[in-house]
Every structure is written in structure tokens, then in C-alpha cells.
Amino acid sequence: MATDAPPPSTEQHKLPTTEEFTEVQESAEFGELRRSYRSFAFPLTVAFIAWYLLYVLLSIYAGDFMGTQLFGNFNVALALGLAQFVTTFLIAWWYARHAAAKLDPKAEAIKSRMEGGA
């Protein structure tokens, strides 16, 4: 089986010490990376869970509303259920863009410095 992956590197990377890990963890740069992640991920997680629980609660307590026909056999419950999938994919896409633009460059800079490349 042929692959296009390069062979493993034979050069040795310097492994960071515990003190170096602690120093990076306490750095302003790492704190900014953590804040950037948390300020994006936590609000979206809370919003999505609330949206999901709203759907479940409507299904339990508002059966007449959820059974309202929109057109043909397509009712409110089906529309909101499909919206759950759409929301999931939109959040994943949005997070991927956010990570590529804001998180990955900062993380790569820290990683390079830790491995002795910068």
C-alpha cells in the first residue's frame, strides 16, 4: 500500500521539562489562547444545549404545537428536529473557521517554542 506521507523524521526533538510546561501554562500568551477558546466554545455550548432542551420540552409539553402541519406531512416537530442537525453542522463549521483563524496560529507558536523550533 503506497502513501504520500513522508517518512518519519529521524531528528530528535527536545522534550520540554515540567518547569517549561508550567511556565507556558502561566504565560499571558497561553492565557489569551485559553480565553479565546472559552469565549467561543462555552457560550455556543450553552446556547446549543438550551436549544436542544427547548426542542425536548416542546416535544413533551406542547404536543399540539409540535404536531401542527406546515405542509403535507411536514410538521413543526420535523422542522425543528431537522434544524437541530443544521445547527450542529453550522456550529462545527463556525468552530473550524474560528480555530483556524484564532486558535491554531497561537497554539502552533507555543508548540514551536516548546519544541525548540522558535
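The values are calculated or read from the model by the stated rules, or taken from the named source; none is laboratory data. Not measured: the values here are computed from a predicted model. Virtual Cβ from ideal backbone geometry, glycine too; neighbours counted across all protein chains shown. For the accessible areas, the whole protein counts, side chains as well, though only heavy atoms, and no ligand, DNA or RNA atoms are used. Shrake-Rupley method; radii C 1.70, N 1.55, O 1.52, S 1.80 Å.
Quick notes on this structure:
- Here's the list of aspartates and glutamates a cross-link from Lys106 could span, going by alpha-carbon distance under 18 Å and ignoring same-chain residues fewer than 8 apart: Glu20, Glu23, Glu26, Glu29, Glu32, Glu115.
- On the beta carbon distance between Asn73 and Ala28, with R0 = 41 Å, the FRET formula returns roughly 0.10.
- Stokes-Einstein D in µm²/s, Kirkwood radius over Cα pairs - the chain at 20 °C with 1.002 mPa s viscosity: 115 µm²/s
- Averaged over its residues, segment 38-118 has an accessible area of 70 Å² per residue, based on protein heavy atoms and a 1.4 Å probe.
- Sites Lys14 and Trp94 - FRET efficiency at Förster radius 30 Å, r taken between beta-carbons, to 0.05: 0.25
- The value obtained for segment 64-106, namely the Cα convex hull volume divided by the number of residues, is 62 Å³ per residue.
- Between Ser59 and Ala107, the contour length at 0.36 nm per residue exceeds the alpha carbon distance by 13.1 nm.
- Taking the accessible area of segment 51-96, probe 1.4 Å, and keeping the other protein chains in place, the carbon and sulfur fraction comes to 76%.
- Rounded to the nearest 10 square angstrom, Asp64 shows an accessible area of 140 square angstrom against a 1.4 Å probe.
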